[in-house]
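Only one structure is covered here, and it is reproduced in the block below.
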Amino acid sequence: MDKARLATALGAPSGFGQSQFALTRGNAFEARVKADGGAELLRLAHARLDPGAEPPAGAAVPDLSAHGPQGRTARTALALREAVRAGGWTLLDHPMLALDVAGSLAFLEPDAVVVHPDGSWSVVEIKSFPMVDGSADPAKVGAAARQAAVYVLALEEVAARLGSEPEGSVPAPRVRHRVLLVCPKDFSNLPAGSAVDVRKQRAVTARQLARLTRIEELTDALPEGTCFAPDRPAEELTAAVEAVPATYAPECLSACELAFHCRDRARAAGAVTRLGRPLRAELGGLATVGEVLAAARGESGDPDDPAVAALRRAAALREEALRTAGTATPPTATRVTAPRTETPPTAKDASATAREATACH
Ligand code: SF4
């Protein structure tokens, strides 16, 4: 499904993705890193991942072009097998890998894969965020590590297939769990490389993939005739998207093309999920802002529920604070009168005060 086109058809175009300027800059940097047969990239792979191996002079860079994603995936597997048999260093520029995701094949395209002289494989990620004094933004490095971990899993499937081939096969190659991250050095256009251990991200991703609901099970639960084709009328598409439960969170804004659409729906429904996962977790079974406010006012909710009790305590503290502020004389010559109001606490107020109240006990 093309979620970017779907979002546009729904009237909430995606703001997700890099700007054209960032894309152009990123592409120029990647071209520079891979120039001269990937000499600089291989030098960094040797220095950061495998300094004990022979230097990567005269590395092979096989042609991976083929028709369609399936053809490119098969061509990549062939090139990996040949590289292991040949020994020495090989650079695979934009190989194509396939990974089973919930029963459907997903095609993945790492920036590069390096085959080491011992036959092992390493993933290379080239990013345009800077590496200053040898370190980069941890959040961006974390995102790159999660991305690389998916490639590692896909490569492990290729390695397992090579290892299980009958006669003439090669032993299953080792896929290294330290990947090479290449970034511009200190805001320049010069590449800097760093080895990133992705074992944790790999384990988490493998667990998540194993737990994913199969796509057939998801589609079986949809109403007959549900279709997400972007050329369908907007009302039909909206109904189709509504048929799939979605739990919007602010994190969606940096991860999903449908984020603006889901945010609008979450706002319209007053869902507390749009206020962030930590707050949602604190509110327990209270799913909407309306329920939270009603619970704080004592109009609904189980008083034995810790979230409801905290909200009521927060509301009481707020009332008390407003009453005190309204009667106290400020220390300066100017008297500041706080509004005497019965306005119920907002979810944010309630949560912040609830935290204070909880901390007091
Ligand atoms: S809830 Fe988030 S991840 Fe799911 S479809 Fe909406 S924006 Fe995408």
Non-local amide H neighbours of Thr288 (under 5 Å, H modeled in plane, Pro and chain starts lacking H): which ones? Val272
Is the shape of the stretch 146-186 rounded, prolate or oblate, going by the alpha carbon gyration tensor and its root eigenvalues a ≥ b ≥ c, with a/c under 1.5 for rounded and a/b larger than b/c for prolate? prolate
With bins 10 Å wide starting at 0, give me the P(r) of the chain over every alpha carbon pair, in whole percents. 5, 17, 22, 20, 16, 11, 6, 2, 0, 0
With springs only between Cα atoms under 10 Å apart, run a GNM on the chain and tell me which of Ala310, Ala325, Ala149 wobbles the most. Ala325
Would you please give the FRET efficiency between Met1 and Ala325, computed as 1/(1 + (r/R0)^6) with r the Cβ-Cβ distance and R0 = 35 Å, to the nearest 0.05? 0.05
Fully extended, how many nm does the chain gain between Asp305 and Val132 (0.36 nm per residue separation, minus their Cα-Cα distance)? 57.4 nm
Candidate cut points under GluC sites (Glu not before Pro) in the stretch 107-167, DSSP loop plus at most 16 other Cβ atoms within 10 Å of their own Cβ, are Glu167
Beta bridge orientation in the chain: antiparallel %, DSSP, nearest 5: 80 percent
If the chain between Asp118 and Gln70 were fully extended at 0.36 nm per residue, the gain over the current Cα-Cα distance would be 14.5 nm
Could you name the lysines whose alpha carbon sits less than 25 Å from that of Lys185, not counting residues in the same chain fewer than 8 places away? Lys34, Lys127, Lys140
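Assuming R0 = 35 Å, what is the FRET efficiency of Ala28 and Ala287, from their Cβ-Cβ distance, to the nearest 0.05? Don't skip to the answer; put the middle values down first.
Working: r = 47 Å, r/R0 = 1.35.
FRET efficiency, Ala28 to Ala287: 0.15.
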Which shape class, rounded, prolate or oblate, goes with the stretch 34-211 when its Cα gyration tensor gives a ≥ b ≥ c as root eigenvalues, a/c under 1.5 marks rounded, and past that a/b bigger than b/c marks prolate? oblate
Under 5 Å between amide hydrogens, which residues at least 5 positions from Trp89 or on another chain qualify, with H placed 1.01 Å from N in the peptide plane? Ala60
Taking a ≥ b ≥ c as the square roots of the Cα gyration tensor eigenvalues, with a/c under 1.5 meaning rounded and otherwise prolate when a/b beats b/c or oblate if not, the stretch 141-250 comes out oblate
Footprinting exposure proxy for Val101, Val179, Val84 (fewest neighbouring C-beta atoms within 10 Å first): Val101, Val84, Val179
Table column - 3J(HN,Hα) (Hz), the stretch 223-235, Karplus curve with 6.51, -1.76, 1.60, x for Gly and Pro: x, 4, x, 4, 9, 9, 4, x, 7, 6, x, 4, 5
Could you give me the ³J(HN,Hα) list for the stretch 91-107, computed from phi with Karplus coefficients 6.51, -1.76, 1.60 and θ = phi - 60°, whole Hz, x at Gly and Pro? 10, 9, 8, 6, x, 10, 10, 10, 9, 6, 10, 6, x, 10, 6, 10, 9
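Here, each number is a calculation from the coordinates, and none is a lab measurement. Please read all numbers here as calculations on a predicted model, not as lab measurements. Every residue, glycine among them, receives a Cβ derived from its backbone with ideal geometry; neighbour counts consider all protein chains shown.
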